[in-house]
Each structure stands twice: as C-alpha cells, then as structure tokens.
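K.L.:
Okay, handing you the structure first.
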Amino acid sequence: MHDTHFENPTGLDQYNHYSTVHDLALIGAEVMSNPELAEIVATKAITVTDVKGEITHELTSINELLDVVPGLKGIKTGWTESAGECLVAYTERDGHQVITVLLGSYDRFGETKTLVEWIFTNHQWQ
C-alpha cells in the first residue's frame, strides 16, 4: 500500500488518517485470503460465550447485504461524520471474485448492491 496512513486502529476520524479505494481493496483481499477472517466477516449473527459458558452475547453484523446479495461474504462497513458511509465488500459468483469499495456514500448498502449486480451482469471474464 502506498496511499494509506492510519493514525489509530479504530478508523475513527483523526488528522492525517487517510486511505484510498485501491489500498482498502488490497486490505480486503488480504482479509479474504485468511480462511478464519473470511469466515468471521461472512457471519451474519452468532452467539459467543465466555470460557465457562456463563456469559453469552448475541452479535449481529450490521452488513445488511449478507444473505441478501447472492455470493456477498463481507468484508467491512464503516461510518464517520467526515468519511460518510463506507463499505468494502467481497462477492463471489461462479468462481469469480470481486471486491468493491464505496467511500463517502449516503447509501452504502444500496449503492454496493447496485454496483455488484451491475458488475456480474455486464462484465465478462475471459
């Protein structure tokens, strides 16, 4: 990556904290190359417990496209006042993988759904 600088690990707005669509796609590809991380980002909901099984937490992804857009398996949603709505998404259909990155959106889920459908309708793999 050549156009990314993170000032904090949270992604929250901070001076001199920046990235690009290309660099975020590279991070997304790296995440999806790790089977354990790929499983985590594709999980719509899960119940987790402490090691004794006494305390449970219900966790639900805020990624509205999981189980809605065929083949979409994550990756990362985000929002800050400065950045707007953001979504890095991975979709796989018929053995073809696509990573899309939306930044500064007002409708990250709707725009990503439209973009993914457009790609798989209009692009021809050769």
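K.L.:
Any chance the stretch 58-68 includes a residue that's surrounded by fewer than 12 Cβ atoms within 10 Å (Cβ to Cβ) and in a loop (DSSP other than H, G, I, E, B)?
P.N.:
Yes, there is a match, as at least one residue in the stretch 58-68 is surrounded by fewer than 12 Cβ atoms within 10 Å (Cβ to Cβ) and in a loop (DSSP other than H, G, I, E, B).
K.L.:
I would also like to ask the following. Which of the following residues is at pLDDT 95 or above and more than 17 Å from F120 (Cα to Cα): E92, E58?
P.N.:
Details: E92 fails: more than 17 Å from F120 (Cα to Cα).
It is E58.
K.L.:
What are the residues in the stretch 13-65 that are closer than 22 Å to T80 by Cβ, more than 15 Å from the chain's Cα centre (by Cα) and among the charged types (D, E, K, R), if any?
P.N.:
D13
K.L.:
Taking the condition surrounded by 12 or more Cβ atoms within 10 Å (Cβ to Cβ), under 13 Å from the mean Cα position of the chain (by Cα) and not in a loop (DSSP other than H, G, I, E, B), does E85 pass?
P.N.:
Taking the combined requirement at face value, the residue satisfies it.
K.L.:
Quick check: anything in the stretch 29-36 exposed (fewer than 10 other Cβ atoms within 10 Å of the Cβ), under 19 Å from V101 (Cβ atoms) and either touching a strand residue (DSSP E or B) at 6+ places or on another chain (Cβ under 9 Å) or not aliphatic (A, V, I, L, M) (or both)? Please lay out each step first, then the result.
P.N.:
Filtering the stretch 29-36 for residues exposed (fewer than 10 other Cβ atoms within 10 Å of the Cβ) gives 33, 35-36.
Adding the requirement that they be under 19 Å from V101 (Cβ atoms) leaves 33.
Adding the requirement that they be either touching a strand residue (DSSP E or B) at 6+ places or on another chain (Cβ under 9 Å) or not aliphatic (A, V, I, L, M) (or both) leaves 33.
Scanning the stretch 29-36 turns up at least one residue that is exposed (fewer than 10 other Cβ atoms within 10 Å of the Cβ), under 19 Å from V101 (Cβ atoms) and either touching a strand residue (DSSP E or B) at 6+ places or on another chain (Cβ under 9 Å) or not aliphatic (A, V, I, L, M) (or both).
K.L.:
How many residues does the stretch 50-100 hold that are of a type in the set (D, E, K, R) and in contact with a Lys or Arg (Cβ under 7 Å, 6 or more places away or on another chain)?
P.N.:
Total meeting the criteria: 3.
K.L.:
What residue, among those in the stretch 1-53 that are assigned to a loop (DSSP other than H, G, I, E, B) and in contact (Cβ under 8 Å) with a residue 60 or more places away in the chain, is nearest to T77 (Cα to Cα)?
P.N.:
Per the stated criteria, the residue is G11.
K.L.:
A further question follows. Please go through the stretch 94-111 and give me each residue that is closer than 18 Å to D23 by Cα and either β-branched (V, I, T) or surrounded by fewer than 14 Cβ atoms within 10 Å (Cβ to Cβ) (or both), ordered by number.
P.N.:
If the condition is that a residue be closer than 18 Å to D23 by Cα and either β-branched (V, I, T) or surrounded by fewer than 14 Cβ atoms within 10 Å (Cβ to Cβ) (or both), then Q97, V98, I99, T100, V101, G104 are the ones that fit.
The values are calculated or read from the model by the stated rules, or taken from the named source; none is laboratory data. Computed from a prediction, not measured in an experiment: that's the story for all the values here. We place every Cβ from the backbone using ideal geometry, glycine too, and count neighbours over all the protein chains shown.
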